[in-house]
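Reading through the structure tokens given below for one structure.
Read-outs: derived from the displayed coordinates by stated rules, not from any lab. Because the structure is a prediction, the values reported are computed rather than measured. Glycine also receives a Cβ, built like all others from the backbone with ideal geometry; neighbour counts cover every protein chain displayed.
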Amino acid sequence: DRGAKSPFKDQFKGKKLENLEVTKEAGVKDKIQAMTGATISSRAFTLGVKQAVQKAAELGGK
């Protein structure tokens, strides 16, 4: 549920494909910050977004 809400979902805007990785390090701004207490969910959500972006690129999206 928290994955589809701000501020977690807002982190994906403008990120490059190679930066769609979860981190727990607060100082790392170019990657996705894990939701507190939900690292596995954060990784699953991020992987789904990354796979969707990859598929869109394969199909001719940008």
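Taking N as the residue count of the chain, its C-alpha radius of gyration divided by 2.2 N^0.38 Å amounts to 1.10. Taking label positions 7 Å along the Cα-Cβ direction at both T36 and D10, the computed distance is 1.6 nm, reported to one decimal.
Under a 5 Å amide H cut-off, with hydrogens placed 1.01 Å from N, Q33 pairs with T23 among residues at least 5 apart or on other chains.
Axis angle, to the nearest 10 degrees, between helix 39-58 and the longest C-alpha principal axis of the chain: 10 degrees.
By the rule of a C-alpha distance below 16 Å, with chain neighbours fewer than 8 residues away ignored, the aspartates and glutamates paired with K55 are E18.
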